Amino acid sequence: MPCFQRDTDSFFDDHHDTIKTGFHGGTVVHWMSRAIVLSFFITATIPGQAAAPPFEIVIDSGSPYYFPASAKVPAGAPIRWDNPTGSPHTITQDGCVQEGPCAFDSGVVPPSDSYTIPGLSPGRYPYQCRLHPIMRGVLVITDPAEMSSHT
């Protein structure tokens, strides 16, 4: 059974306590917690592959209501609708309103709020505002390889 005692000789500097143990005459220092904190800072500061920023669509009170009204977005890219208007709106894929599969439905998006989806498979996705059915837009989701070959 190890016996613990406090020791004022620190591995890092003279201001931190260490703990001596009976295991092989070694010293257990607060180095493990320091190593964990250090690894956190190293991991947090080394740039990794950042998530792609969302494709942005802005809701407007006048035509075309969604800007852009027709948006071409690569498959899997996040998409965000911003509502800077003074009215609530929805972003509802037509399949949710008709008898079809529902790809996305925001519910009510209040003024000064937004709605984001993580991404969609390739295809055409017409959508509308359930509260204001005149407001319509369409997403054209393309295969990322197809988009890069047209640039």
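What the table below lists for this structure:
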| quantity | calculated |
| --- | --- |
| Identity of the residue in segment 80-100, at pLDDT below 95 and in a loop (DSSP other than H, G, I, E, B), that ends up nearest to the chain's Cα centre (by Cα) | G100 |
| Filter pass, A69 being modelled with pLDDT of 75 or more and either surrounded by 14 or more Cβ atoms within 10 Å (Cβ to Cβ) or in contact with a Cys (Cβ under 7 Å, 6 or more places away or on another chain) (or both) | yes |
| Filtered residues of segment 101-117 (kept if surrounded by fewer than 16 Cβ atoms within 10 Å (Cβ to Cβ) and part of a loop (DSSP other than H, G, I, E, B)) | P101, C102, G107, V108, P110, P111, S112 |
| Where Q93 falls short, out of the listed (1) out of contact with any Ser or Thr (no Cβ under 9 Å at 6 or more places or on another chain); (2) farther than 25 Å from P144 by Cα | (2) |
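Conditions tested, residue by residue: (1) modelled with pLDDT of 60 or more; (2) among the β-branched types (V, I, T); (3) outside any strand (DSSP E or B).
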{"residue": "D14", "(1), (2), (3)": "no, no, yes"}
{"residue": "I19", "(1), (2), (3)": "no, yes, no"}
{"residue": "F23", "(1), (2), (3)": "no, no, yes"}
{"residue": "A35", "(1), (2), (3)": "no, no, yes"}
{"residue": "L38", "(1), (2), (3)": "no, no, yes"}
{"residue": "I42", "(1), (2), (3)": "no, yes, yes"}
{"residue": "A51", "(1), (2), (3)": "yes, no, yes"}
{"residue": "P64", "(1), (2), (3)": "yes, no, yes"}
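The values are calculated or read from the model by the stated rules, or taken from the named source; none is laboratory data. All values derive from a computational prediction rather than experimental measurement. Positions of Cβ are generated from backbone atoms using ideal geometry, with glycine treated the same way; all protein chains shown enter the neighbour counts.
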